[in-house]
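No lab work stands behind these numbers, since they all come straight from the coordinates. These numbers were taken from a predicted model, which means no experiment stands behind them. Because the Cβ atoms are built from the backbone with ideal geometry, glycine has one as well, and the counts that use them run over all protein chains shown.
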């Protein structure tokens, strides 16, 4: 009998750069795969950093799938054991222009393109750009869970609140999308501000607040070697933190 898969769709999103979105998406995806899940990682950023972080150079990706140039099985690249990848990159600029010209349901283009993959994977993880563009909106009309990384510096709480206001606009049309995880990043216990902002987040988002990802130079070095943190520095605090995140998400 074929195993019926209840596929979870999670987008790593927030309208701010430099908070560790790609680091989180890549390492979470690989962490889940290492725990036995079948995972599809999708890069919706024109910079294409996720492929570089994995050390791969796919010949095709999400642009070819949306443009109906390739079938899903042709556009997807296997990146690791139990981890598959749909590349983003510069080709997405044309996809954004295409979507912007559509008159009917432009916010559901991604969901339509990925429909045939329903039930193939245990998790689909989407890495999004630090902006509120048509691809990010499409991610929110496809996914059911949102993980928002929040850097423990500056106006972290207000940035998250701004994102939540934009998310609420989407929820009016698609109530099933939910902010399910708030992930503090760049936590440095030596810096007073880190603890202060963490407490602010705990006061506002305690039930969905995850254990923080600690500052760890290995997390910034790993992508330069085309490796995840589990491959580059498996005994580091970064590997420990993302392993814990994968465990918590796997358990719902």
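Things worth noting here:
- The calculated FRET efficiency for residue 195 paired with residue 174, based on their beta-carbon distance and R0 = 35 Å, is about 0.45.
- Of 214, 190, 108, the one that fluctuates the most in a GNM where the chain has Cα springs shorter than 10 Å: 190
- P(r) of the range 29-148 over all Cα-Cα pairs, binned every 5 Å from zero, in whole percent: 2, 11, 24, 26, 21, 11, 3, 1, 0
- Computed over the chain, Cα set: Rg, Dmax in Å: 17.3, 56
- Point-to-point label distance, residue 161-residue 115, nm (Cα→Cβ direction, 7 Å offset): 4.1
- Ranked 84, 132, criterion: other C-beta atoms within 10 Å, fewest first: 132, 84
- Comparing 76, 26, 215 in a Gaussian network model of the chain, where Cα atoms under 10 Å apart are tied by springs, the biggest mean-square fluctuation is seen for 215.
- Compared with the alpha-carbon gap, the fully stretched path from residue 244 to residue 78 is longer by 57.3 nm at 0.36 nm per residue.
- Relative contact order [Cα under 8 Å, 6+ residues apart], the range 8-250, whole percent: 27
- On Cα atoms only, tilt of 21-34 relative to the major axis of the chain in degrees: 80
- The long axis of helix 156-173 is offset from the longest Cα principal axis of the chain by roughly 30 degrees.
- Residue among 115, 96, 192 with the largest mean-square fluctuation in a Gaussian network model of the chain, springs linking Cα atoms under 10 Å: 192
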